[in-house]
1. When the scattering of the chain is computed by the Debye formula from its Cα atoms alone, each counted once and equally, what is log10 I(q)/I(0) at q = 0.06, 0.09, 0.10 Å⁻¹?
2. If you filter region 440-476 for trypsin sites (Lys or Arg not before Pro), then keep DSSP loop positions with at most 15 other Cβ within 10 Å, what is left?
3. Let me see the P(r) profile for region 168-225: every Cα-Cα distance counted, bins of 5 Å, each bin given as a percent of all pairs.
4. Have a look at region 544-593 and give its Rg and Dmax from the Cα atoms, expressed in angstrom.
5. Please express the shape of region 188-307 as an equivalent ellipsoid: the semi-axes are the square roots of 5 times the eigenvalues of the C-alpha gyration tensor, given largest first in whole angstrom.
6. Order by neighbour count: LYS654, LYS763, LYS86, fewest other Cβ atoms within 10 Å first, most last.
7. Compute the signed sum of charges (Lys and Arg +1, Asp and Glu -1) over the other residues within less than 15 Å, Cβ to Cβ, of ARG195.
8. Report the Stokes-Einstein translational diffusion coefficient (µm² s⁻¹, integer) for region 715-764, Rh taken as the Kirkwood radius over Cα pairs, at 37 °C with viscosity 0.692 mPa s.
Amino acid sequence: MPRIGNVSGRLRAGGLLVCAVAGVQATASPALAQATSTGDTAQIEEVVVTARRREERLQDTPVAVTALGGEALQSRGVESVDQIAKFAPSIRFDGAAALSGGNYNATVFIRGVGQNDFAIFSDPGVGVYVDGVYYARSIGGTLDAFDVSRIEVLRGPQGTLFGKNTIGGAVIITTDQPKDAFGGKIEGVIGSLDRRDVKGHVDIPLGDKVSARLSAARLTRDGYGKRLLTGDDLGDRNATAARAQLRWEASDAVTVNLSADYTRAREHSAPQKLLVIGSVPGFVAGPFIANFNTYVAPGLGITAPNGSKTLNTSFLTDDPYTTYGTGPNINDLDLWGTSATVDWDLGAISFKSISAIRGLKATFARDGDNTPFTFRETFNHDVQAQYSQEFQFSGQSFDNRLTWVTGVYAFRERGTDSGFAKLALGLAPGVSPPPYSPSAAVYTKVTSTTYAAFAQGSLTLTDRLSATLGARYNRDEKDYVLDHRRIRDGGVIAQLSRSGSWNSFTPKVGLEFKATPDILLYGSIGKGFKSGGFNARPLNDASEVTEYQPETLVTYEAGAKTAWLGRRLILNVAGYFSDYQDIQVTVNQTPRNFVANAAAGEVKGVEVELQARPTTNWSFNFGGGYMDAKYTEVGNGLAAGQVLPITLATHFVKAPKWTLNGGVEYGHDLPNGGRVTARADWTHYSTVYNDVANDPDLTQPAYDLFGARLAYASPDQLWQIALFGSNLSDERYKVSGNASSGFGLKEASYGRPREWGLSLSRKF
């Protein structure tokens, strides 16, 4: 059996061995829980999910799903969507994409499939949906999880019902909806790093048929990184978010839900630790550092910590949260959107319309050399707008033996990226010999259009056996406009436009067998895809703007969802094999940046989720995923000048062999009617490779994270005070990394250090 890092030692030290029992991470909020027929309070609550575009019990859904309700999210300390990864198997969700410096630029991988690039022209491999609306960009993808009723993680391709860019899976976020009665909640949080948070919501009935909900959050915190020379923060919080919702029951058959949201962040870049200055093993690099130190650096008046006036290794720090950088330090985000959802019960058929407009503006800049020199600094300003419309029809036919959903979908997106990269600034003709500075001003415009039609039905063949058949046809069209120029002399690197279109067909078939009322066995074959595109980071000329085709994934999955001991124990298991073709290998090793359909691979694994509630006071959960991802072909599909830094022995990016999590919770009723609840959580990842080449300096060895929460609720359940902590062992772990082969630099971003907080909330 593969070695799982130092898990056992950590567990013994932390006293969390009890976490080896438990899991379907699906403890729902009371609003989502359905009452049990026996009234046994020790039973595990039922959870409703929407993995098949309709509400149904988690245990009746033949899909590998992890679901956490609002109360479960709160008890586990989930404050942003990326933290859901600590409680679900086979997922990596990192909130600081390599090279970006942006705190909200997500990289999401499920079962080894995703996207490691934040660029506006790069499509994600895991879809994020909020109240049925697709969020197209990884920029702004690390959303704050406030006023959320449920988060679902769907593992495996979801191409039939959710469409493009869900090849790895999907993250489904459902917000709390307006209530018919007046009420609300306000919460304040203080904590380490001078944390000061205020968030709350209020439900306002506006009549017999109309109700509104207003929710808002103000989040502030000092940075967990510091610049030694300037004292500037890195990775601080300074964000405001608000959402307004209106629910109108127009008739007994028609319900209209309107929503508008806005997020504003004005923060500093996430900290990036400089790991290497000098030669980068395995690459033939131009003498940028040598020439820079000879012809440019001595005349700038900058002195390194060792007294030299050059860019050298004395700028490296032992602390991953400190840097000598003095360059750009910006992380601004404006994210907004509106949506209208109409549900119309036509009797035998139900109709749903989801209309949405979303947009973002993001500015993020970073000092990539982490020194006072201008050797590698980047700036990006992104603007994106998207429009989507979905029409769904659903119902039951043939004496309710067939449950079906069908619909059409249209999506339009426009996005621009304006920026510049200051690289080895000062290396120019007349000042130094070649190579000269490749600094560039960049402009990229992307217009994307998608049309799709889909249908899926589940047919009851016998009292116990059902079959599922579905399919989706998708057409993608993309237009690119590129204008890349050298800063040194204004020379054009690439000035052109490109257009492409791709069609895809993503079917799904499945069988479900209800062995007993509490045991569901299922098997399925499903296909997913990620759209094609164009390389938009040419280094030398327009010939490097090459087209790449969609990648596809076919997954064969078998699983079981079971309940035992009167629903005091739930055990869910899934095994899968995925055939991964035309993999869009993303190479970001400056100046070697490109995407190519350069590989094929196989991913297989097993996932287990267990939840136990032996008494009304005790509950346990465990989730585990084992994944074996490997390349079966490499090197195909490369254009001229593209060099692929992988072999058949190279590991997949963001695909740890083991992902494990466990938790234990104890609740005790006090004589005064109040209740004390204590909870502890543990998450383990085996080795994580953060870049495509598996660079050892960027690789994160196996590590563990621990969290805990102690809460007291008043007898009337209106007041609650809680003390909580995260990363209690103060683990220093890399979440992203980059090797700049041509410039002799390597850097990594580290996860947040140990933190604590104290919250006080009041319902009304």
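1. -0.36, -0.83, -1.03
2. Numbers: sites: LYS445, ARG464, ARG472, ARG475; in loops: ARG464.
When the trypsin sites (Lys or Arg not before Pro) of region 440-476 are filtered for loop state and at most 15 Cβ neighbours within 10 Å, ARG464 remain.
3. 4, 16, 17, 13, 14, 14, 12, 6, 3, 1, 0
4. 20.2, 62
5. 53, 20, 11
6. Taking fewest neighbouring Cβ atoms as first place, the list is LYS763, LYS86, LYS654.
7. Neighbourhood net charge equals -3.
8. 227
Coordinate-derived values only; no laboratory data. Note that the structure is a prediction, hence the values are computed from the model and not measured. Here Cβ is always computed from backbone atoms with ideal geometry, including for glycine, and neighbour counts include all displayed protein chains.
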